[in-house]
Structure formats: structure tokens, C-alpha cells
Amino acid sequence: MKKHFDLVQRVDFIKELSRGQKVLHLGCTNFPYTEDSIKNNMLLHFELEKIAGDIYGFDFDRRGLEILKNAGSEKLFQADLEHLENVQLSETFDVIIAGEMLEHLSNPGLFLDGVKRFMHDDSKLIITTINAYCAMRFLIYSLRGKGGQNEPVHPDHVSYFSFKTLSLMLEREGLELKEFCFYDIGKEHRPFNRWFYNLFNDICVRISPQLSDGIIAVASLK
């Protein structure tokens, strides 16, 4: 693995590894933002359907799954990501995408242990999640923290990760880290940020990529 980790665009990275592969997309609906994502052409699952050789989707939110089914998506399963042993599916996948969901789970170790049943020896598990050391969020917290009570944190997030903490979690659950990188603010998200937040981010990641928006880990079975 590289000593200096690359700075990439998250969606481009995922699409490149998924092209032509048999893909399992976890958290595929982006619920409760499913309809907004579709309206703004930002739903990743639709993009993956265009390029994957075959694609399945798991999500816990029944309403989001119904929206995708009505839009023409197939092979969708309602699934509790912390109890994947309950999913009635006996398949393995070349690529499994766990995008922006690890930070929502109360027991991420249960997820990592459970997802192994869908992996074969050459499977790639792609995890993308929030960077614990994101400079832009530190700036927002400094300016708008109200003495510490007002954090720039998604209301459903329970944990943030770094290279060290995510590596250790993967190791504990019998997975091997194969590749690690940082991802920058998505091109699709920049228009929704204040311009000076984007500028501050760009200066910081140019100097130190480890201050970026998020992190990506690619893991395999040991």
C-alpha cells in the first residue's frame, strides 16, 4: 500500500472499480433523500446500473426501495445492515459498496462480520465514510459552534473514522486493507456549499490531503 494516500473524487473512484463487475450496493436508496437525489440526477445507484455488469441493492428503508422499484430498478432487498444473516440471498459479488453508511451504524463490527458471507476470495469491499479530521468541518465548528453545542454533524451519525481506526476495525473483523485514499468534496455537492467553505477546503487539501472531506478503504477477505 502507498505511503502517501491519493486524493480522489468519491463517485468517480467507485464507478471505476464497479465497471463491468457484479456489484452489491448497500444503502442504495439514499433515503430519506431518494426523491431529491433522483430529481437532481445524483442517485449513485442509477449511475451504477449503467456501468455494472450486474447489480443488487440493499437498504433498510422500504419507502426508498419502492421508489427505486417504481423507477425500474430490480434485484432490491430490504436489509438490516447489522443483521445481514437474515437476508434471503445466496450470492457473492465482485464489488460491494458500503458508501456513507458506516457512520450511521450503532454496531459497525456486526456489519463487517456479516458482509463477509457475500464475498469471495477476490471480492473488493469499498467503504467510504466521513473523515474525522476534515478541515472544513473544523472551520464550521469554530465559526458556528456556539461554545461547543452546535456541531456540523449529520443528525444520524454516531461515529467518525480515520485511517488508523478504520484499519483496526477491518483487522478485528478478519478483513485486509488493500487500498486507502482520501476523497475531496464531491463536484455534485460544491454548488450547495458556501463559496468560502469550498475555498478553505481547497487550500487545506492542497497542502494536506489528509484534511479532506472523507476517506475510502478497499478491503478483501484475509
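The values are calculated or read from the model by the stated rules, or taken from the named source; none is laboratory data. Predicted model only: the values in this text are computed from it and were never measured. We place every Cβ from the backbone using ideal geometry, glycine too, and count neighbours over all the protein chains shown. The protein model used for the area step is the full one, side chains on, heavy atoms only, and it has no ligands, DNA or RNA in it. Shrake-Rupley method; radii C 1.70, N 1.55, O 1.52, S 1.80 Å.
Just the number please: accessible area per residue for the stretch 41-93, 1.4 Å probe, all protein chains included, in Å².
Numbers: 2880 Å² over 53 residues.
That works out to 54 Å² per residue.
Take the Cα radius of gyration of the stretch 1-127 and divide it by 2.2 N^0.38 Å, with N its residue count; two decimals is plenty. Don't jump to the answer; show the numbers that get you there.
Details: Rg = 14.2 Å, N = 127, 2.2 N^0.38 = 13.9 Å.
Its radius of gyration relative to the 2.2 N^0.38 Å reference: 1.03.
Once the 1.4 Å probe is applied to the protein heavy atoms, the stretch 101-175 comes out at 52 Å² accessible per residue. The residue list 72, 86, 191 was ranked by how far each Cα lies along the charge dipole of the chain toward its positive end, using unit charges on Cβ atoms, and 191 comes out on top.
Which value, in debye to the nearest 20, describes the size of the charge dipole of the chain about its Cα centre when Lys and Arg Cβ atoms bear +1, Asp and Glu Cβ atoms bear -1, and nothing else is charged? Present the calculation step by step, with values, prior to reporting the outcome.
On the way: 26 positive and 32 negative charges, 141 e Å.
Here the chain has a charge dipole of around 680 debye.
The accessible area of residue 85, taken with all protein chains in place and a 1.4 Å probe, comes to roughly 110 Å². For the stretch 160-222, carbon and sulfur atoms together expose 58% of the accessible surface, with a 1.4 angstrom probe and every protein chain in place. Within the stretch 10-137, what whole-number % of the accessible surface is contributed by carbon and sulfur, with the 1.4 Å probe and all protein chains included in the calculation? Taking all protein chains in place, the stretch 10-137 shows 43 percent carbon and sulfur surface.
In this structure, the pairs whose alpha-carbon distance is over 22 Å, taken from 164/187; 116/222; 22/124; 22/116; 3/116, are 164/187; 3/116.
If you bin all the Cα-Cα distances of the chain at 10 Å, starting from zero, the percentages per bin are 8, 32, 38, 19, 3, 0. Could you compute how fast the stretch 102-222 diffuses translationally, taking Rh as the Kirkwood radius over C-alpha pairs and applying Stokes-Einstein at 20 °C with viscosity 1.002 mPa s? Give it in µm² per second. The calculation lands on 137 µm²/s. Note on residue 83: accessible area approximately 70 square angstrom, rounded to 10, probe 1.4 Å, nucleic acids and ligands left out.
Would you kindly work out the equivalent ellipsoid of the stretch 132-178 from its C-alpha gyration tensor and give its semi-axes, the square roots of five times the eigenvalues, largest first in whole Å? Mind showing how you got there, number by number?
Values: eigenvalues 170, 26, 10 Å².
Equivalent ellipsoid semi-axes, largest first: 29, 11, 7 Å.
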